[in-house]
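Since the structure comes first, as structure tokens, the remarks are kept for the end.
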Amino acid sequence: MLLQDQYLDEFLNFLKVEKGLSLNTLESYQRDLFKYFNFLGKKSMSQKASVLAFLVHLHKQKLSSKSIARNLVALRVFFKFLLLQKYIDENPTRDIEAPKTWRTLPEVLTLSEVEKLISEPDLKTSLGMRDRAILELLYASGLRISELTGLELTDVHFDVGYLKAKGKGAKERIVPFGGSARGFLERYLNEVRKLWDPHRQISPFFLSQQRKKLSRQNVWLLLKKYALSAGLSKNIYPHILRHSFATHLLERGADIRAVQLMLGHSDISTTQIYTHVSRERLQEVYKKYHPRS
């Protein structure tokens, strides 16, 4: 067990220093590997047999295919690291296939629903002006909420119409934003933020009334509030404007690789889920309007 602890410490340090993974990702790997080590206990079997037995154990616990696949990914990366360090001679997970997972298609807003949601904040108030700028930017750029709250004054470049987003694993990317978002961002800066922080001494771009950085929970709550007042019946969740951003771009003919770059997806297969959403919508339109559907 002491050897396992040593390997795990080295592995997590490698992911942190060499790969630059976030704390949340490191904790996820650690949880999944602890689960495997606890299952293994003092069992005497080959490494490949232990991995297979562990996956069967997870299945018997009625974990979803997605959760089992995630556990297998953690083991794959861990054993790949051990192989790299020459602690083992072969990766026991190499030929083990992940369980088939059914990817849940994200629910997205229609263009009219986006317009309703974005138009809800009261522009006569400071908070309303700030919130309108937030909603405009989320839809215009496809930012994750954590990326929006992490945005700093120096990250937004109005002269060229782009911002620098800090994504997962401390990766940075350049994201454009359109004229509508730009107008409201400038109004927020000049009419609201200038009063809250006249000397620009606070670095976060979006501030609370207490002149502090907004939390993800703050943004999530205001999103829910405006969805409710707009009368939207759909399930509103943090990523819904990000999903809508990507889907609407692809529906209008945007190149999928360009959308992948804007979203900060390392794997294009993650972006391709939005093409499935678009195809599903086309089928709905066909069935609704074609006389012989």
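The condition of being touching a strand residue (DSSP E or B) at 6+ places or on another chain (Cβ under 6 Å) and more than 20 Å from GLU115 (Cβ to Cβ) holds for only one of GLY264, GLY253, that being GLY264.
The listed residues are GLU191, GLU186, and the only one of them that is closer than 27 Å to TYR237 by Cα and surrounded by 13 or more Cβ atoms within 10 Å (Cβ to Cβ) turns out to be GLU186. Of all the criteria given as (1) modelled with pLDDT of 90 or more; (2) more than 22 Å from LEU55 (Cβ to Cβ); (3) not hydrophobic (A, V, I, L, M, F, W, C), the one not satisfied by ARG76 is (2).
Scanning the stretch 198-218 for residues that are surrounded by 16 or more Cβ atoms within 10 Å (Cβ to Cβ) and assigned to a loop (DSSP other than H, G, I, E, B) yields PHE205, PHE206, LEU214. Restricting attention to the stretch 189-217, the residues being within 19 Å of LEU123 (Cα to Cα) and without any contact (Cβ under 8 Å) to a residue 12 or more places away in the chain number 4.
Which of the residues belonging to the stretch 166-186 are outside any strand (DSSP E or B), at pLDDT 90 or above and within 12 Å of LEU137 (Cβ to Cβ)? If the condition is that a residue be outside any strand (DSSP E or B), at pLDDT 90 or above and within 12 Å of LEU137 (Cβ to Cβ), then PHE177, SER180, ALA181, ARG182, GLY183, PHE184, LEU185, GLU186 are the ones that fit.
When each of SER146, SER126, SER119 is tested for being under 30 Å from LYS16 (Cβ atoms), of a type in the set (Ser, Thr, Tyr) and in contact with a helix residue (DSSP H, G or I) (Cβ under 9 Å, 6 or more places away or on another chain), the lone residue that passes is SER146. Regarding VAL277, is this residue part of a helix (DSSP H, G or I), crowded, with 17+ Cβ neighbours inside 10 Å and modelled with pLDDT under 75? Yes: the conditions hold for VAL277. Of the residues in the stretch 51-64, at least one is of a type in the set (D, E, K, R), within 29 Å of the chain's Cα centre (by Cα) and farther than 13 Å from ALA98 by Cβ.
Residue-by-condition table, conditions (1) without any contact (Cβ under 8 Å) to a residue 24 or more places away in the chain; (2) in a strand (DSSP E or B); (3) surrounded by fewer than 21 Cβ atoms within 10 Å (Cβ to Cβ); (4) among the aliphatic types (A, V, I, L, M):
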position	(1), (2), (3), (4)
LEU127	no, no, yes, yes
LEU135	no, no, no, yes
ALA140	no, no, no, yes
SER146	no, no, yes, no
ASP159	yes, no, yes, no
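The values are calculated or read from the model by the stated rules, or taken from the named source; none is laboratory data. In this text, all values refer to a predicted model and were calculated from it rather than measured experimentally. Every residue, glycine as well, gets a Cβ built from its backbone with ideal geometry; the counts of neighbours run over all protein chains shown.
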